[in-house]
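Read the structure below first, then the notes.
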Amino acid sequence: MAAVFDLDLETEEGSEGEGEPEFSPADVCPLAELRAAGLEPVGHYEEVELTETSVNLGPERIGPHCFELLRVLGKGGYGKVFQVRKVQGSNLGKIYAMKVLRKAKIVRNAKDTAHTRAERNILESVKHPFIVELAYAFQTGGKLYLILECLSGGELFTHLEREGIFLEDTACFYLAEITLALGHLHSQGIIYRDLKPENIMLNSQGHIKLTDFGLCKESIHEGAVTHTFCGTIEYMAPEILVRSGHNRAVDWWSLGALMYDMLTGSPPFTAENRKKTMDKIIKGKLVLPPYLTPDARDLVKKFLKRNPSQRIGGGPGDAADVQRHPFFRHINWDDLLARRVDPPFRPCLQSEDDVSQFDTRFTRQTPVDSPDDTALSESANQAFLGFTYVAPSVLDSIREGFNFQPKLRSPRRLNSSPRTPISPLKLSPFEGFRPSPGPPEPMEPPLPPLLPPPPPSSTAPLPIQPPSGTKKSKRGRGRPGR
């Protein structure tokens, strides 16, 4: 994004000259750059620091036209996720994931609007090495767009399906990174509430990133509880099911269910239907396979305590108590947080836009962002006030790549899991988004669909090398539709 200014500079003679004032580089270029080029500004000048408040973000008009569609990464009931390339403004050529949601479908239900609002707000406010990064958020008349970092390693779900089970060392690495991510969310008063393999993705290096924050609950600090019935059944804590009130301890139950899934091939409590699965979670017996090490057995048992006050991580220590468990004795937490620990699996990628780790049912489709032709009422549009966002890192790139541009005026699969999450029901659809620190961008008018690139080649996904050791031929996860 070129740094574009709208300056009204006064002179000693006044500003009543005829016609448009002419700008010179001295009017807008930083003094350091001028002097480095052997130039000195003459006359009256003003040096302006690039900040969130002084940068005019409007002229770039961030919108769908700034991105080239490359591949379809996922589809859901409310829209699509595309792999895209930035073709206008700052960060030219950078690959992102673009999540597109239809407003008309979202506003039909309060829970869906709340889901969208929570995800957008949390992505803006939470920054952590193991949480997906939001670069832009913008809207057109009928759609919402979230531009996220592209996590080309794919879903942990996919790798777990291919491997059957993980060795304990592999599971330990992923569980440790997830523990740090959950601990950070909890420190911000956020409960995640939808931890499952589909919502954990890998970046190109093999490190995890939590995604999909629609079921999060904000402003839940020590001693506070909430009663919303939400989550994904197989990983849902019993106190959510019985609606006795829950706090951040539900995330540690879910991590225990995920740990069991990684080490055995299925969640700890499954049945042929939802009701029987819920009954097992509430009162069923936990059965642990004999091949688990004593430390792994002990940690799973402590995660899956039905009394949240007795559950590891359920006390004031939160993530720190989990980190001290002997199962993680070989983890250097400082190195892990700094991503100095090599992941057990590094995706085999040929290029930045390689999609071999994603489901070919989606990646072989021609990417088309359908026309934005739905008109919403003024009251419905109130639900999306304040949605637009530009990441501070984008402003940093402006500072580093300053260009002189005078007088330029004028943005894991989407709910495709076979286990459909149960969303919160008690939030008003018209609670506003938290405003971003920078000035709001104008709403982009409806645009014609982007022209898709030539169809992708039918190259088969590169196989993942299985770890040595015990491996099941089939996962037997007890999930319909897989």
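Quick notes on this structure:
- Restricted to the stretch 102-114, and to residues there that are of a type outside the set (Lys, Arg) and touching an Asp or Glu at 6+ places or on another chain (Cβ under 9 Å), the residue that is nearest to Phe82 (Cα to Cα) is Ile106.
- Candidates Leu292, Leu286 - the one that is part of a loop (DSSP other than H, G, I, E, B), within 16 Å of Leu241 (Cβ to Cβ) and assigned by TED's automatic domain parsing to the domain that holds Glu177: Leu286
- Asp372 falls short on exactly one of the conditions (1) crowded, with 19+ Cβ neighbours inside 10 Å; (2) modelled with pLDDT under 60; (3) in a loop (DSSP other than H, G, I, E, B); (4) more than 22 Å from the chain's Cα centre (by Cα), and that condition is (2).
- Number of residues in the stretch 354-383 that are acidic (Asp, Glu) and over 18 Å from Gly76 (Cα atoms) equals 3.
- Asp342 charged (D, E, K, R), outside the structural domain of Ile190 (by TED's automatic domain parsing), more than 22 Å from the chain's Cα centre (by Cα) and more than 29 Å from Thr270 (Cβ to Cβ): yes
- Every pair of residues 6+ apart whose Cβ atoms lie under 7 Å, when the first sits in the stretch 289-311 and is surrounded by 18 or more Cβ atoms within 10 Å (Cβ to Cβ) while the second is β-branched (Val, Ile, Thr): Lys302/Ile312; Phe303/Ile312
- Residue satisfying all of: in the stretch 237-265; modelled with pLDDT of 95 or more and of a type in the set (S, T, N, Q); surrounded by the most Cβ atoms within 10 Å (Cβ to Cβ) among these: Ser254
The values are calculated or read from the model by the stated rules, or taken from the named source; none is laboratory data. Worth saying up front: this structure is predicted, and the values here are computed from it rather than measured. So basically every Cβ, Gly included, is an ideal-geometry build from the backbone, and we count neighbours across all protein chains shown.
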